[in-house]
Amino acid sequence: MSLLNYFKSTKPNSAKIAKERLQILVSHERSARSQPSYLPELQKELLDVIKKYVQVDQDDISINYESDDHQETLELNIVLPENI
Amino acid sequence: MSRIIVVTSGKGGVGKTTTSAAMAMGFAKKGHKTAVIDFDVGLRNLDLILGCERRVVYDFVNIINGEATLNQALIKDKRCDKLFILPASQTRDKDALTLEGVGKVLNELKETFDYIICDSPAGIERGAHLAMYFADDAFIVTNPEVSSVRDSDRMLGILSSKSKRAENNETPIKEYLLLSRYNPKRVKLGEMLSVDDVQEILSLHLLGVIPESQAVLNASNSGIPVILDEASDAGQAYADIVNRYLGEDVPQRFINEEKKGLFGRLFKG
């Protein structure tokens, strides 16, 4: 068994892990860069307004901002609790 | 037409000053009149890497404050008469550099120099911002290591939004990747990000790879830019990069491990 292990590369490929982590991080940070700076504030205020009427958490609201040459889209997604 | 080149990275210790010194000497040796400016006010080191630390009389801040002329402050290299060094101030604080002052100095340099290399300090504060603000080209010095790659990407974001070219909606700064401290052996073992990995993440044009090399420390110890160590791997890598930047078609080297012949293997472990 140990002889087999010797030939089989059991060493984790740390470069691969590094690449995967960086790809996720960099794409996340790039999309954050292109977003308008008021977005976090907007998200907070929207949450406060909705909370007046229904009980939701920070995680239940997601805001996506996308832009291309023609238009800018602001997508708001609110997950409401099941039994209201 | 003169070009202003910023050597930047975000992260410290990746080889910005080594690269600035090597590239400046490389351009000068090719016959282009080149000035290299240290933007690291308070922590100057370019003078030391170029071996002219004892000839510094006036510095960058003196010119901006009108205490010296550009010609008084520029240090002419003793090995190559086309190379001039403008040292940073060691005593002032970093707010001594102003956008207006830096712009004025660069404009004056542009009248007589072919290449003006701005050696950026680490970080993203004032010195780094001013070093890249007026640039036409950017050399992004990156190590194949997570924090360096991330910081390089951050720098790319700043180049594309906070430079003069970006603010005036001109053609963007041309960005080039210089991957330094590369170790092909560790890449092969899966222990280090490869050139392809880094290029894929940053999507940058690769100007060249500089291998991890003992020659770099030897060169800085003696105040000789590593490009003058023509027998060394790092010296040759920088020479290739200079030629590539100047438009020559030079194939990439130092990406794969050198195959040692039987002779080499017998005599070196």
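Values quoted throughout were computed directly from the atomic coordinates according to the rules given, and no laboratory measurement underlies them. Keep in mind it's a predicted model, so treat the numbers as computed, not measured. Neighbour counts run over all protein chains shown; Cβ positions are idealised from the backbone, glycine included.
Rounded to the nearest 0.05, what FRET efficiency do B:Lys174 and A:Asn77 have when you use their Cβ-Cβ distance and R0 = 35 Å?
The formula returns an efficiency of 0.35 here.
Picking from B:Gly13, B:Gly101, B:Gly247, which is most flexible by a Gaussian network model of chain B using Cα springs under 10 Å?
B:Gly247
Name the residue from B:Val102, A:Pro40, B:Thr17 whose Cα lies farthest towards the positive end of the charge dipole of the protein assembly as shown, charges +1 on Cβ of Lys and Arg and -1 on Cβ of Asp and Glu.
B:Thr17
Averaged over A:32-42, how many beta carbons belonging to a partner chain fall within 10 Å of each residue's beta carbon?
1
Please determine, in degrees from 0 to 90 and to the nearest 10, the orientation of helix B:233-245 with respect to the longest principal axis defined by the Cα atoms of chain B, where the helix direction is its Cα long axis.
Once rounded, the angle reads 60 degrees.
Where does helix B:16-29 land angle-wise versus the long Cα axis of chain B, in degrees 0 to 90, nearest 10?
Result, in degrees: 80.
Just B:Asn256, B:Asn143, B:Asn183 to compare: in a GNM of chain B, with alpha carbon springs under 10 Å, which one fluctuates most?
Taking springs between Cα atoms under 10 Å, the residue moving most is B:Asn256.
Hey, what's the Kirkwood Rh for region B:77-213 if you take every pair of different alpha carbons, in angstrom?
It works out to 16.8 Å.
Please report, in cubic angstrom per residue, the volume enclosed by the convex hull of the alpha-carbon atoms of region B:151-269.
Here the figure is 154 Å³ per residue.
What is the mean number of Cβ atoms from other protein chains located within 10 Å of the Cβ atom of each residue in peptide A:22-29, rounded to a whole number?
Mean partner-chain Cβ count within 10 Å for A:22-29: 4.
For peptide B:147-157, how many partner chain Cβ atoms fall within 10 Å of a residue's Cβ, on average?
3
Between A:Asp68 and B:Glu111, what FRET efficiency follows from the Cβ-Cβ distance if R0 is 51 Å, with the result rounded to 0.05?
The formula returns an efficiency of 0.75 here.
Determine the percent antiparallel among the DSSP beta bridges restricted to chain B, to the nearest 5.
The antiparallel fraction comes to roughly 5 percent.
At 7 Å along the Cα-to-beta-carbon direction for both B:Thr98 and B:Glu67, put a label point, then send me their distance in nm to one decimal.
The two pseudo-label positions are separated by 1.5 nm.
What pairs from A:Lys16/B:Lys174; B:Lys33/B:Lys164; B:Lys188/B:Lys259; B:Lys29/B:Lys76; B:Lys33/B:Lys78; B:Lys11/B:Lys104 go past 18 Å between their alpha carbons?
A:Lys16/B:Lys174; B:Lys33/B:Lys164; B:Lys11/B:Lys104
Give me the percent of Cα-Cα pairs in region B:133-199 that sit more than 17 Å apart, rounded to a whole number.
Of all Cα-Cα pairs in region B:133-199, 46 percent lie more than 17 Å apart.
Quick one: if you stick a label point 7 Å off each Cα along the C-beta vector at B:Asp81 and B:Asn256, how many nm between them?
About 4.5 nm, to one decimal.
Comparing B:Pro251, B:Pro184, B:Pro225, which has the greatest mean-square fluctuation in the GNM of chain B with Cα pairs linked when under 10 Å apart?
Fluctuation is largest for B:Pro251.
Quickly estimate the mean residue ellipticity at 222 nm for chain B, helices only: each DSSP H run with n ≥ 4 gives -39500 (n - 2.57), and the total goes over all residues, rounded to 500.
Mean residue ellipticity at 222 nm (helix-derived): -11500 deg cm²/dmol.
Using the alpha carbon gyration tensor of chain B, what are the three equivalent-ellipsoid semi-axes (square root of 5 times each eigenvalue), largest first, in whole Å?
After diagonalising the Cα gyration tensor, the semi-axes are 31, 21, 16 Å.
Evaluate Rg over Rh across the protein assembly as shown, taking Cα atoms for both radii and Kirkwood's formula for Rh.
1.07
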